2 protein chains.
Amino acid sequence: MSPAESAVETIQREMTIFARRARASAGRMHPELSLVSYTLLGHLEERGGCRATDLAAHYALDKSTVSRQVAALERTGLIERRPDPEDHRVQVLHLTEAGQEILAQVTRSRRAAFRERLAGWPEEDLVRFAAYLERYNAEPGGAEPA
Amino acid sequence: MSPAESAVETIQREMTIFARRARASAGRMHPELSLVSYTLLGHLEERGGCRATDLAAHYALDKSTVSRQVAALERTGLIERRPDPEDHRVQVLHLTEAGQEILAQVTRSRRAAFRERLAGWPEEDLVRFAAYLERYNAEPGGAEPA
DNA sequence: GCGTTGTAGTTGTATAGTACAACTTGAACT
DNA sequence: AGTTCAAGTTGTACTATACAACTACAACGC
């Protein structure tokens, strides 16, 4: 196996290990907000509101799944739906103040955990690692191995 | 935000994106073997057999979860249990031939997908990226942000 | 030896996240 | 007006998961 092939092998294995751990640790780190909810809220914040269909498309989730997640987030008062005057089928989703607060809080705790984990890394390595990850995720899908 | 802080932020975000995609794409790539099953089989292959408890500990899964996964894998004939003569409470798990074949096949398809995705990368970057990921995952847990 | 405590694994029960299919409502385009 | 398309909801089912209670066996202390 060439160095490149063996590196690909390692990347695959380590990414998979990471993925396996992510959900469980999210549950431990912020039980009040699942990884999915956190991601959806983050997207809403970033975009300043969007439609359920956009969330579904962006995260490759079924619209029924998003519908239920959104319903739950609305029930707990973290988001609200505003009817779209342009198109009465559409509901534009927005963070409430409570949603913004919880999101900020969870973001802080996640950030602290990552920072702690990466505490021993030289800045140069952090920057390079971050760049590799961005590049990997931005890579046009293909078979989308994760 | 310092370069290091912003890199940590990026790492967090990109790792989360990756984690979110992993399960869905595993389902698309190899519906015959869930991400968990694939991981467990891989571990068995690597170790040449181990106990259910080891799997649970290594992957931070509840023993009941592993027990059911193992039962399913046995039902489909991919693994077999051998009683441990040393300790009658223990069952040592081993891949069957069928299990080895399926694992190899899924490994091939995953490898191909990763390779395709990483096709444009210079070898040097692949090697460095792989090293960063290994280091990240090996980092002593702490809050285990994934 | 025998009771106590610990470990391996199973099973009951509950929950979350997810998909697919069928449906409703409204939009858009003949 | 009628057909087709898009947004979202709801019914149903399945998978992964955890926790708790249980069984079976092991190991230790006395």
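The values are calculated or read from the model by the stated rules, or taken from the named source; none is laboratory data. It should be emphasised that the depicted structure is a prediction, and the values quoted were computed from it without experimental measurement. Reconstructed Cβ throughout: ideal geometry from the backbone, glycine too, with neighbour counts over all protein chains shown. Accessible surface areas use protein heavy atoms only, side chains included; no ligands, DNA or RNA. Shrake-Rupley method; radii C 1.70, N 1.55, O 1.52, S 1.80 Å.
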If you take the accessible area of A alone, add that of B alone, and subtract the area of the pair, what total do you get in Å², probe 1.4 Å, to the nearest 100? 6600 Å²
For segment B:59-88, which residues drop by 30 square angstrom or more in accessible area between the chain on its own and all protein chains together (1.4 Å probe)? B:Y59
Here the equivalent ellipsoid of segment A:33-138, derived from its Cα gyration tensor, has semi-axes (largest first, whole Å) of 31, 16, 11
Carbon and sulfur: what percent of the protein assembly as shown's accessible surface (1.4 Å probe)? 49 percent
Dipole magnitude of the protein assembly as shown, debye to nearest 20 (Cβ charges: Lys/Arg +1, Asp/Glu -1, about Cα centre): 760 debye
Calculated label separations, A:P83, copies of the chain, 7 Å along the beta-carbon direction, nm: 7.1
Among B:E116, B:E134, B:E32, which one moves the most in a GNM of chain B with springs linking Cα atoms closer than 10 Å? B:E134
Based on Cα coordinates alone, diagonalise the gyration tensor for the protein assembly as shown, multiply each eigenvalue by 5, take square roots, and list the semi-axes in whole Å, largest first. 34, 24, 20
With every protein chain kept in place and ligands, DNA and RNA left out, what is the accessible area per residue of the protein assembly as shown? Probe 1.4 Å, answer in Å². 51 Å²
Enter the accessible area of A:S64 (Å², nearest 10), with the probe set to 1.4 Å and all protein chains included. 50 Å²
So how do A:93-99, B:8-14 stack up, highest first, on mean other-Cβ count within 10 Å? B:8-14, A:93-99
Copy-to-copy label separations for A:P31, where each label sits 7 Å from Cα toward Cβ, in nm and ascending: 3.7
Here the correct list, in nm and shortest first, of distances from A:E101 to the same site in the other copies, label points 7 Å along Cα→Cβ, is 6.0
C-alpha long axis of helix A:123-138 to longest principal axis of chain A, angle in °: 60 degrees
Partner chain Cβ atoms within 10 Å, averaged over the residues of B:22-29 - can you pull that number for me? 5
